[in-house]
Amino acid sequence: MHPMSYLEMSKLIAKYCINWGKEHTVYDIGACDVNGTYKPLLEHCTYIGVDIEAGKNVDIVMVDEFNTGIASNSADLVVSGQCYEHCNNPFKLTREIYRITKKGGLFFLIAPFVFGEHKFPIDCFRYLPDGYKSLHFDAGFTTLEAFLTGVDNIGSVDCVGAAIK
């Protein structure tokens with residue numbers, strides 16, 4: 001994860017998760033610590049790292065790419081950053097995230113709009129705000145915001161989104 005992604009996630013958490021504590025469950029989809037995680041931003045909550053394979057910062061290994069194995073309606077917040085570009089079917093994954101999110105729960109997503117190919121193990125998509133709105137709508141979420149960041153020091157631009165169930 002690059003610094004802009006971390007900064008934008010910190011802004012979303014500060015805006016929408018005021019006064020949250022350990023009674024709030026947060027799942028981080030794509031949480032394996034390849035080059036950083038959002039965990040320090042969410043230590044005041046019950047943070048659970050989720051990924052398709054075991055690794056550093058992974059508490060739950062998914063059943064498969066589109067099945068987290070997590071109970072329905074159990075998440076107050078689901079975050080995912082720098083993961084969706086590696087997903088074969090982001091619509092199916094977003095529907096799974098909707099399933100595990102409580103009514104009134106939130107979903108924060110950050111993925112690249114401008115960034116070079118980086119297979120891990122695949123690299124499928126780049127995102128725009130209308131694309132996020134489409135993902136949210138298909139799954140049942142209501143979009144709160146979706147926007148592009150400015151260009152960071154490595155020339156990347158991310159798409160940032162927040163949605164509510």
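The values are calculated or read from the model by the stated rules, or taken from the named source; none is laboratory data. This structure is a prediction, so every number in the text was calculated from the model and none was measured. For neighbour counting, all protein chains shown are included, and Cβ atoms are generated from backbone atoms with ideal geometry for every residue, glycine included.
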Segment 101-114 residues that are without any contact (Cβ under 8 Å) to a residue 60 or more places away in the chain, paired with ones that are loosely packed, with under 15 Cβ neighbours inside 10 Å and assigned to a strand (DSSP E or B) (beta carbon under 6 Å, 6 or more apart): PHE113/LEU148
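Looking at LYS119, LYS103, which is the one that is basic (Lys, Arg), under 21 Å from ASP33 (Cα atoms) and outside any helix (DSSP H, G or I)?
Working: LYS103 fails: under 21 Å from ASP33 (Cα atoms).
Just a single option satisfies the conditions, and that option is LYS119.
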Those residues of segment 14-31 which are among the hydrophobic types (A, V, I, L, M, F, W, C), surrounded by fewer than 21 Cβ atoms within 10 Å (Cβ to Cβ) and at pLDDT 95 or above, in sequence order: ALA14, CYS17, TRP20
Subset tally (residues that are out of contact with any Asp or Glu (no Cβ under 9 Å at 6 or more places or on another chain) and hydrophobic (A, V, I, L, M, F, W, C)) for segment 61-76: 3
Subset of segment 72-100 [out of contact with any strand residue (DSSP E or B) (no Cβ under 6 Å at 6 or more places or on another chain), under 14 Å from ALA163 (Cβ atoms) and touching a residue at least 60 places away in the same chain (Cβ under 8 Å)]: LEU93, TYR98
Tally of residues being part of a loop (DSSP other than H, G, I, E, B) and in contact with a strand residue (DSSP E or B) (Cβ under 9 Å, 6 or more places away or on another chain) across segment 35-54: 6
Of residues in segment 113-146 being more than 19 Å from ILE97 (Cα to Cα) and in contact with a Ser or Thr (Cβ under 6 Å, 6 or more places away or on another chain), the one surrounded by the fewest Cβ atoms within 10 Å (Cβ to Cβ): VAL114
Members of segment 127-165 found to be acidic (Asp, Glu), modelled with pLDDT of 95 or more and not in a strand (DSSP E or B), listed by number: ASP130, ASP138
Enumeration of residues in segment 55-70 that are in contact with a strand residue (DSSP E or B) (Cβ under 8 Å, 6 or more places away or on another chain), in a loop (DSSP other than H, G, I, E, B) and without any contact (Cβ under 8 Å) to a residue 12 or more places away in the chain: GLY69
